[in-house]
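In what follows, a structure is listed as structure tokens, so that the remarks can point back to it.
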Amino acid sequence: MAYTYKHVIIIGIDGAGNFYRNTDTPAIHKMFEEGAGSDFCLTSIPTDSSECWGSMLIGVQPKVHELTNGTIGSTEYKHRAEHPTIFRVIRDAHPGAKLGSFSNWSPINTSIADSGIGIVKRSANDESLLIQICDFIKTEKPEFLFIQFDSIDGAGHTYGYNTERYLQELNVADGFVASIRKAVAAAGIEDDTLVIATADHGGNGHGHGGPSDEEKYVFFAAVGKTVPRGKKIDVRVIDMPAIVAHALGVPADPNWDSTVPEGLFE
Ligand SMILES: [Zn+2]
């Protein structure tokens, strides 16, 4: 019988790719030391936010979930019955679970995260969102919390990915990771929480969407009681729902194209 976590938190840093390696990011480096991860976690293609967050939260390829940046603002995710989100799968197994989706980029909350199943949803700028996230962790101790920060991707589009200004934003996001991990400790739930930090895609020049290595590979780091320290694993963004379900001891959806990476859990 696999160990069951009481809490899983995904810290999603939009547009972060694997550029953390090029700047001072002590909190992310600490997660790699304390847990397992990869600098070459493959995301979905096209490497755009709707496509990639969709794969991360629904566990299927973009051609299946059909979420695109062009339509997400006006279209609700329409394949919920055949391809449920990770939120729905947890809710079906655990009717009383506290679920949260705290996303700077509001389409995740309006079009992907389910309505009417009691997900606490917040959208705000990164700094304001961080305060709400830490408060939510400490007061509610959620079973599953999904987080999306957006400033880094904004800096990539404005100043170019992997530029000095972009990397400065990544320093700031690294501080968010540190604050969230402190909040988990302050909540007294560190021992039975799985924390994952990752990204939806990287970037190349001033954009993303293509299949270049800078766009399609992202970092992935996971820390938890049963996660081996310092281990390198093969993992894809689309594997996230299977990882979360496994960690929480809820059954995976049979239609997910999502698997638990070998070696992630002892
Ligand atoms: Zn994105």
Legend entry - Stokes-Einstein D for segment 191-266, Kirkwood Rh over Cα pairs, 10 °C, 1.306 mPa s (µm²/s): 116
Inset, instruction - Enter the accessible area of T158 (Å², nearest 10), with the probe set to 1.4 Å and all protein chains included. - result: 90
Inset, instruction - With the full set of protein chains in place, find how many percent of the accessible area of the chain is carbon and sulfur; take the probe as 1.4 Å. - result: 50
Legend entry - In the chain, lysine pairs with alpha-carbon atoms under 13 angstrom apart (chain gap of 8 or more, or interchain): 10
Legend entry - Distant alpha-carbon pairs in the chain (separation over 22 angstrom), percent: 50
Inset, instruction - In a Gaussian network model over the chain where Cα atoms closer than 10 Å are linked, find which of V223, V89, V235 has the largest mean-square fluctuation. - result: V89
Legend entry - Axial C-alpha extent at least 18 Å, average Kyte-Doolittle at least -1.0 - helices from the chain (DSSP): 126-140, 164-186
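The values are calculated or read from the model by the stated rules, or taken from the named source; none is laboratory data. The model shown is predicted, which means the values in this text are computed figures rather than measured ones. Quick note on the areas: whole protein, heavy atoms, side chains included, nothing else; ligands and nucleic acids left out. Shrake-Rupley method; radii C 1.70, N 1.55, O 1.52, S 1.80 Å.
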